Amino acid sequence: MKDGVNYDRCANWNRDTSDCHLRWRAGIPATYPTTSGSANDKKESMVAIPLKDELALVGQLSLTGQSLERYQSLQTDYADITTNRFPRIDEQLSQLLADARGVNVLQLKKNLDKVTLLVNQTDELVQSVQEKLASLQEVDKQHREAVQQLEHKYQDLRKTLLAKNFAFGPSIDGLEERLGQLEGNFDTFTQLTQEGDHERAADVLSQLQDDTKQLDDLIDTIPPLYKDLTVIFPDQLKELKAGYQQLSAEHFHFGDQDIVAQVTAIEQHIQENLATLSDLRPADAQVVNERIAKQIDQIYDLMQTEIDAKQPVEKNLDGIAKFIAHAQNQSHMLLNELDRLGQNYTLDHHELETARELNEQLRHIDGIYQQDVQTLTGKTATYSQILAHQQQQEKDLEQIEKQQADILKSVAGLADEERQARDTLQQFDFDLHSLRRQVENLNLPGIPQSYLDYFFVVRDEVAQLATDMDQPQIDMERITKQLLIIQTDLDTLREKTEDLVDSSQLAEQLLQYANRYQTSHANVAEASQKASDLFEHQYQYAQALETIATVLDEVEPGSYKRLEDAYYQRKGTDKPHRTTKD
């Protein structure tokens, strides 16, 4: 057996074996009964489907309208299957059996394809008819079940509206009207279902289910909203009114908040929202209810805020008064001190102006405090406002006292700074005279002009400092800057003086030492002459030192360093870091 061909059977046929090979090569099974039997079996399986009985069952449903038209179309299809397609299949199968005894292989293949296609198409039509008949039966079943379910649902809704009509308030009429409309549509659906017009009944059912759900939602959502509007909110407003009367009797006030007007407005909103419920608009009513609840909470909070503020306000009164008095006393002392210091010193950081501004802030704080005390005494106070004043006053007073302390600290050391400055000025003057005597004691032929210029600059700076210190009103900030500058310049002058002393003394010693080489070394004689001129007439002692030191190191290497080390050893100071060119 291969590809459906029974070679053994083909070989035993009472025909030429070449015919079997032709059939096999054409793709036609050699054993025709196997192929025709397959198509015949499929046809018999279709015949076995009880379409006639199913048509009869659906026909008993008394269909009308589009459903009836669908049923009639299925009847037509059934008639086509039984009176046309099945006979054609039988006829083609018989023809195929007859052709199988011939030798026209190609014609046999063509007829086989033709009967196979007809069988498959007929099978698809049979399946479609059967499915559609089942669908009509299922729709009829579903609709009849829906009739029962909706009937029970509307009975329950009617009972709910009758038994709990008080819970719906002004909405009850609209709900009953909705239910009446649903029941009318339900009657239409029931009639269409009984008549078998399931196509139209399906459309009615879809809308009926949507409308029923909407009514069900209304019945669920309206009662709690209506309860808020008729029970919860009115009870809360009643409590607020009583609370307001009690607080007013105890002399509580609420600033610019008109609680009576707010309560009246809420009552108006409640009445308006009842009308919204009667129009069956629970979503809109829910939004307004939430707004009303928030407004009521705000009034509760407003009253509670005043109640909570009373005790701390009364408790803080004495402490705030003492705080203000202490800050005012500090301000008075600070202004007096600044006025005194201002006569002797320049106050460069607006200390006096700042202190006056702080004093004015204290006047303002005290003014508000006094007004609050008057309202408390007159029983017209709004406690929350006074508490806010007190809290701000504490912050402001703390900041004011801190600024006062900072100002006082900044000026407290002016006298000490002046004493220190005068001591430093005296020391500067002493240092200048000391440096001058040190240079004069050298008995030099003259002083370099650059040194004199720098000396006079420092002397003038010290003189200017003395003048500034003798002013009736001293600017200590400027004095401090001058002290720093003079100290730096004086240090530089001291270094220049040391350089002048060292270079002149060393130059003089090296010139004396060079005398031993003048007769034997012409270059030493020439350098000695040049150095002497720089020393005696030009007062350039550093250049004179460099000139003679350079030639001595050429004649006697290391001589300059030896003489220099000996000089600083006698002087008792460390040798400065300089080269022979310094």
**OP:** Let me know the shape class of the stretch 289-345, please: from the alpha-carbon gyration tensor, a ≥ b ≥ c as square roots of the eigenvalues, rounded when a/c is under 1.5, otherwise prolate if a/b is greater than b/c, or oblate.
**Re:** oblate
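I'd like the FRET efficiency for SER38 and ASP187, computed as 1/(1 + (r/R0)^6) with the beta carbon distance as r and R0 of 51 Å, rounded to 0.05.
Efficiency for this residue pair is about 0.40.
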Subject >> Shape of the stretch 369-458, Cα gyration tensor, a/c cut at 1.5 >> reply: prolate
Subject >> Long-range amide H partners of ILE474 with built H, under 5 Å >> reply: TYR345, THR346
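If contacts are Cα pairs under 8 angstrom and at least 6 residues apart, what is the relative contact order of the stretch 405-556 in percent?
Relative contact order for the stretch 405-556 comes out at 24 percent.
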Subject >> Cross-link pairs LYS315/LYS379; LYS294/LYS379; LYS241/LYS310; LYS238/LYS315; LYS402/LYS481 - those with Cα-Cα distance over 26 Å >> reply: LYS294/LYS379; LYS238/LYS315; LYS402/LYS481
**OP:** Could you tell me whether the stretch 232-292 comes out rounded, prolate or oblate from its Cα gyration tensor? Rule is a ≥ b ≥ c as square roots of the eigenvalues, rounded for a/c under 1.5, then prolate if a/b exceeds b/c, otherwise oblate.
**Re:** prolate
**OP:** Place a +1 charge on the Cβ of each Lys and Arg in the stretch 166-300 and a -1 charge on the Cβ of each Asp and Glu, then give the dipole magnitude about the Cα centre in debye, rounded to the nearest 20.
**Re:** 600
Original post:
If you take the beta carbon distance between TYR568 and LEU408 as r and set R0 to 56 Å, what does 1/(1 + (r/R0)^6) give as a FRET efficiency, to the nearest 0.05?
Top reply: 0.55
Original post:
So how far apart, in nm, are the two label points at ASP475 and GLU353 if each is 7 Å from Cα heading toward Cβ?
Top reply: 1.6
Original post:
Measuring from label point to label point, each 7 Å out along Cα→Cβ, what is the ARG419 to HIS251 span in nm?
Top reply: 5.8
Original post:
Using θ = phi - 60° and the Karplus curve 6.51 cos²θ - 1.76 cosθ + 1.60, what whole-Hz ³J(HN,Hα) does each residue of the stretch 222-233 get, with Gly and Pro shown as x?
Top reply: 5, x, x, 5, 5, 5, 4, 6, 10, 10, 5, 5
**OP:** Kindly report the accessible area of the stretch 398-500 per residue (heavy atoms of protein chains, probe 1.4 Å, no ligands, DNA or RNA), in Å².
**Re:** 60
**OP:** Kindly rank 542-550, 402-410 from highest to lowest mean number of other beta carbons found within 10 Å of each residue.
**Re:** 542-550, 402-410
Subject >> 14 Å beta-carbon shell around GLU177, net charge (K/R +1, D/E -1) >> reply: -3
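Less than 11 Å Cβ to Cβ from LEU358, Lys/Arg counted +1 and Asp/Glu -1: what total charge do the surrounding residues give?
Neighbourhood net charge equals -4.
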**OP:** Kindly report, to the nearest 10 Å², the accessible surface of LYS238 as traced by a 1.4 Å probe over protein heavy atoms only.
**Re:** 150
Subject >> Calculated FRET value between ARG340 and ILE307, using beta carbons and R₀ = 45 Å, to 0.05 >> reply: 0.30
Original post:
Quick one: with all protein chains in place, what share of the accessible area of the stretch 212-272 is carbon or sulfur, to the nearest percent (1.4 Å probe)?
Top reply: 50
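The values are calculated or read from the model by the stated rules, or taken from the named source; none is laboratory data. This is a predicted model, so every value here is computed, not measured. Ideal geometry is used to build each Cβ from the backbone, glycine not excepted, and the neighbour counts take in all protein chains shown. Keep in mind that these areas ignore ligands, DNA and RNA; they rest on the heavy atoms of the full protein, side chains included. Shrake-Rupley method; radii C 1.70, N 1.55, O 1.52, S 1.80 Å.
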